[in-house]
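Input: a single structure, listed below in structure tokens.
The values are calculated or read from the model by the stated rules, or taken from the named source; none is laboratory data. In this text the structure is predicted, and so the values were computed from the model without any measurement. So basically every Cβ, Gly included, is an ideal-geometry build from the backbone, and we count neighbours across all protein chains shown. Please note that ligands, DNA and RNA were not included when accessible areas were found on the heavy atoms of the full protein model with its side chains. Shrake-Rupley method; radii C 1.70, N 1.55, O 1.52, S 1.80 Å.
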Amino acid sequence: MRVSVIGGSSIDGETAAVAEALGERLAERGHVVVCGGLGGVMEAVCRGAREAGGETIGILPTDRCADANPHVTTPIATGMGHARNALVVMNGDAAVAVDGAGGTLSEIGLALAQGRPVAGLDTHAVDGVEPVDSPAAAVEYVERAARTD
């Protein structure tokens, strides 16, 4: 399945390690990562997925595919700015939120409004988001929830 990974564009090393492990786990399980295609959580999750041989889709806020981080295999330029957040979550069967600020919160809301299951790793406490404590638990939750929804 496709899993949208949403999160902060400016992160510390610990959060980067969590996002990279999430990308690796998703790829190992055969899932495609969908994200916003830039830095922070987006780059770390893509790096982990690519190192594990996985595919990554970056739905960019800009109108240039060249703006994608180097680990995106399929960049999609939109020129839509933050409005592209809806496309990020609509192109996943489920979502995992890692850390994040206002943009991540908007994506969580959009994912829930579209009926997508959302796992949360150290992110906003929002009704409908399943808090998990590890990348493995996040993947297990979205696999189970997406198959039953």
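Quick look at the values:
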| read-out | value |
| --- | --- |
| Unmet criterion (only one of (1) under 20 Å from Val126 (Cβ atoms); (2) in contact with a Ser or Thr (Cβ under 6 Å, 6 or more places away or on another chain)) for Ala94 | (2) |
| Residue count for the stretch 65-79, restricted to those that are in contact with a strand residue (DSSP E or B) (Cβ under 9 Å, 6 or more places away or on another chain), open to solvent by 40 Å² or more (accessible area, probe 1.4 Å) and not small (Gly, Ala, Ser) | 7 |
| So Thr62, is it open to solvent by less than 50 Å² (accessible area, probe 1.4 Å) and under 12 Å from the mean Cα position of the chain (by Cα) | no |
| His82 of a type outside the set (Ser, Thr, Tyr) and touching a Lys or Arg at 6+ places or on another chain (Cβ under 9 Å) | no |
| Residues satisfying the stated conditions in the stretch 26-39, i.e. more than 9 Å from the chain's Cα centre (by Cα), buried (at least 23 other Cβ atoms within 10 Å of the Cβ) and touching a residue at least 40 places away in the same chain (Cβ under 8 Å) | Leu26, His31 |
| Wholly within the stretch 81-149, helices (runs of 4 or more DSSP H) carrying at least 1 residues that are at pLDDT 95 or above and of a type in the set (Phe, Trp, Tyr) | 135-148 |
| Residue in the stretch 1-13 that is of a type in the set (S, T, N, Q) and in a helix (DSSP H, G or I) present | no |
| Matching residues, the stretch 129-146, being under 19 Å from Met1 (Cβ atoms) and either in contact with a Pro (Cβ under 6 Å, 6 or more places away or on another chain) or not acidic (Asp, Glu) (or both) | Val129, Val132, Pro135, Ala136, Ala137, Ala138, Val139, Tyr141, Val142, Arg144, Ala145, Ala146 |
| Count of residues meeting criterion [of a type in the set (S, T, N, Q), within 19 Å of Ile57 (Cα to Cα) and open to solvent by less than 40 Å² (accessible area, probe 1.4 Å)] in the stretch 91-149 | 1 |
| Residue match in the stretch 49-67 (condition: modelled with pLDDT of 95 or more, among the aliphatic types (A, V, I, L, M), part of a loop (DSSP other than H, G, I, E, B) and within 12 Å of Ile6 (Cα to Cα)) | no |
